[in-house]
Amino acid sequence: MTDTKGANSPLSIYVKGVPVNLNSSSHSHFSTRLATILLLLTLALTPFLVWPFYGNGVFSNAFRAENTISAVSIVSPSPGFLWIWPRVLLVLFAGLIGLLLLPSGKRLPRSTFSWVLVLYAMATLTSTIFANDNWGFKIIGGINRFDGLLYQCGMVLFGIFSYSLLRVANNISRFIYIILCTFAISSGVETLIILLQRLGIDFIGLALQGSSYGAPVGTIGNPGMVAGFLIIGVFSSMLLAEKVPDGKIKFFLYTLATFVSIGVGISANRSSILAIFIVLSLLLIVRRNGKALFALFIFILGALALATHIPNNYEYSRNIASTHTGKTRLLIWKLAAEAITKTPGQPFIGAGPDGFLITLETKIPIRELLQEYRVEFGWSKDIKIADVKPLFTEKDPLRGRAFMVTLVNDLTPGKIHRIIYRYNLDKAHNLLLDKAVSYGILAATLWLYLFILPIIKLYHRKDTTSLYLAGGVLALFIYYLAWFPIPETEPLHLTWLALAWVWAEALARNKENNELSSAR
């Protein structure tokens, strides 16, 4: 609902009492429309953008000349190139072009959200410059990660672009619901893809590597990463269902939320299941009505019950009740905390984009790393480490280093086992620890602030939009306590944070305007 009232700007549009100022020129309107289309296209494409014309997939084989020998036909492609690199370029392009399309005075709003991201960008730049790594990995990121300085800058630009565009929207609430529709539909399509993969139909694997991946990796590359994306799909569908008056559309959206919840169950990712369960339980307590109870019922039925009864042709399974992953996470977090203490520039400077792996290879004793390997690889309690021999020198390249471990078993005296291990642990599996290791404790604190502030501000509002946006932020935060950010989903999660921040600020301005009107 919009109306115009007197204001100092050429055009002042009020959205439920919230003023939104626009440039009256047709050029400004046209560029803003282009920016809107660019944002929506980026949000829609990011979950699905892969590069199938490289490697051994059906598309690359079809387009490759029969009598030619090329590098790609000999060298196996990097999985990161197929899954991540196209999205890094998309986010960087959208962030740059999107900000240029916005009116000059609106590209970097004087707001906390924008300046937090700017400070984070400065922390990443500083840490990258001083990192003990070569510049190729500094700019591009670790092997199969592609989350180096190039991506970090693109992600920051895209986050500021999303936030700035939301602030200049003619109708903030309507624009938010359009973005939520994009998330809901995309998550429904992603769920359909992983459902087909569970049933044994993996056209994504055929396109990228010529065979099935044997797991519900979707178009994102990992079941846990898919689950992280589906979290915002669940809350988008449920919020839209609460807001639409039409009964048929409401039923469709609740059905979609159920369907996406099944996708979360298929992924068997404990952190996402736990995150959604906790938040829906809190919504049930806060709202105390049948709708929240129904939402909680949808999740329990869809994610936990139905997903376990779907045929599993690839025999992909994870025990949700297992504590094995939790034990490995605790050991990884301990190593990450030690890596932070070994970085000289903390709390302002981290070890760089691939800092956790570099610090493990250079500053953490191998025997401490083997405590995590013991749990991860399931060594029995009878196995003891007799000797550890590094198979590298200090002059060898940082990545690819290996060491030989001699193991003995008390139950079989005289027998020894020698195993060669490589350093393969490069992420702390916790958003705050990952940011702290790579870019400093200050950078991690900035991200904590981005998550916590909208939860606090929106929780007190108690309206439907506020509660579900805050609930989505809280669910993502819980998920990230046991996971790490990736280019495939982090820009989408940052956009959700931007939605929550803009909505909280709009409500605050609305309250301030009402108080001023009452005072008059």
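Which residues in the range 425-443 have a backbone N closer than 13 Å to a point placed 7 Å from the Cα of Leu398 along the Cα-to-Cβ line?
426, 438-439, by backbone N distance to the label point.
If the cut-off is a Cα-Cα distance under 20 Å, which aspartates and glutamates reach Lys457, setting aside same-chain residues fewer than 8 apart in sequence?
Glu505, Glu512, Glu515
What does the C-alpha gyration tensor say about the overall shape of the range 397-497? Classify as rounded when a/c is under 1.5, otherwise prolate if a/b is larger than b/c, or oblate.
In terms of gyration-tensor shape, prolate.
If we sort 116-127, 157-168 on the protection proxy, mean other Cβ atoms within 10 Å, highest first, what's the order?
Answer by packing, highest mean first, reads 157-168, 116-127.
A 31 angstrom limit on the alpha carbon distance is what I want to check against. Which of Lys389/Lys427; Lys395/Lys435; Lys342/Lys415; Lys395/Lys415; Lys342/Lys389 exceed it?
Exceeds cut-off: Lys342/Lys415; Lys395/Lys415.
Rolling a 1.4 angstrom probe over the protein heavy atoms, how many square angstrom per residue are accessible across the range 169-246?
Dividing the accessible area of the range 169-246 by its residue count gives 27 Å².
Find how many whole Å separate the alpha carbon centroid of the range 246-275 from the alpha carbon centroid of the range 134-205.
Comparing the Cα centres of the range 134-205 and the range 246-275, I get a distance of 19 Å.
Determine how large the accessible area of Ile478 is when every protein chain is in place; take a 1.4 Å probe and give Å² rounded to the nearest 10.
So the heavy atoms of Ile478 present about 30 Å² to solvent.
Once the Cα gyration tensor of the range 310-441 is found, what semi-axes does its equivalent ellipsoid get, as square roots of 5 times the eigenvalues, in whole Å, sorted largest first?
28, 23, 13
Kindly state, to the nearest 0.05, the FRET efficiency for Ser380 paired with Tyr449, given R0 = 56 Å and r defined as their beta-carbon distance.
0.80
Sticking with the crude label model, points 7 Å out along Cα→Cβ, report the distance from Ser281 to Thr406 in nm, one decimal please.
About 5.0 nm separates the two model spin labels.
Starting from one equal scatterer on each C-alpha and no solvent at all, send me the Debye-based log10 I(q)/I(0) for the range 165-236 at q = 0.24 Å⁻¹, two decimals.
-0.97
Can you quote the Å³ per residue value for the convex hull of the Cα atoms in the range 378-452, rounded to an integer?
Considering the Cα atoms of the range 378-452, their hull volume per residue is 131 Å³.
Hey, any idea what % of the range 144-189's accessible area is carbon plus sulfur with a 1.4 Å probe?
65 percent
Output the Kirkwood hydrodynamic radius of the range 376-416, Cα pairs only, in Å rounded to one decimal.
One over the average 1/r among Cα pairs gives 12.1 Å for the range 376-416.
What number comes out for accessible area per residue over the range 321-463 if the probe is 1.4 Å? Units Å², please.
51 Å²
For the range 419-459, with equal point scatterers placed on the C-alpha atoms only and solvent neglected, what are the log10 I(q)/I(0) values from the Debye formula at q = 0.17, 0.26, 0.32, 0.34 1/Å, to two decimals?
Debye intensities relative to I(0), on a log10 scale: -0.56, -0.83, -0.98, -1.04.
Along the Cα→Cβ direction, 7 angstrom out, place labels at Phe30 and Ile129. What is the inter-label distance in nm?
That separation, rounded to one decimal, is 4.1 nm.
Work out, step by step, the length gained on full extension between Lys334 and Ile416: first 0.36 nm times the residue separation, then minus their alpha carbon distance; give nm to one decimal.
26.6 nm
Cα-based Rg (one decimal) and Dmax (whole number) for the range 211-277, in Å?
13.3, 45
So, in nm, how far is label Val388 from label Met122 when the simple model puts each one 7 Å beyond its Cα toward the Cβ?
Label-label distance for Val388 and Met122, simple model: 3.9 nm.
Rank Arg33, Arg401, Arg422 by accessible area, highest first, at a 1.4 Å probe radius?
I get Arg33, Arg422, Arg401, largest accessible area first.
Highest mean first, how do 468-474, 414-420 rank when packing is the count of other Cβ atoms within 10 Å averaged over residues?
Ranked by mean Cβ neighbours within 10 Å, highest first: 468-474, 414-420.
Give the aspartates and glutamates reachable from Lys384 as a straight Cα distance under 17 Å; neighbours fewer than 8 places away on the same chain don't count.
Glu368, Glu372, Glu376, Asp410
The values are calculated or read from the model by the stated rules, or taken from the named source; none is laboratory data. Being a predicted model, the structure only gives us computed values, none of them experimental. Positions of Cβ are generated from backbone atoms using ideal geometry, with glycine treated the same way; all protein chains shown enter the neighbour counts. SASA here: full protein model, heavy atoms, side chains in, ligands and nucleic acids out. Shrake-Rupley method; radii C 1.70, N 1.55, O 1.52, S 1.80 Å.
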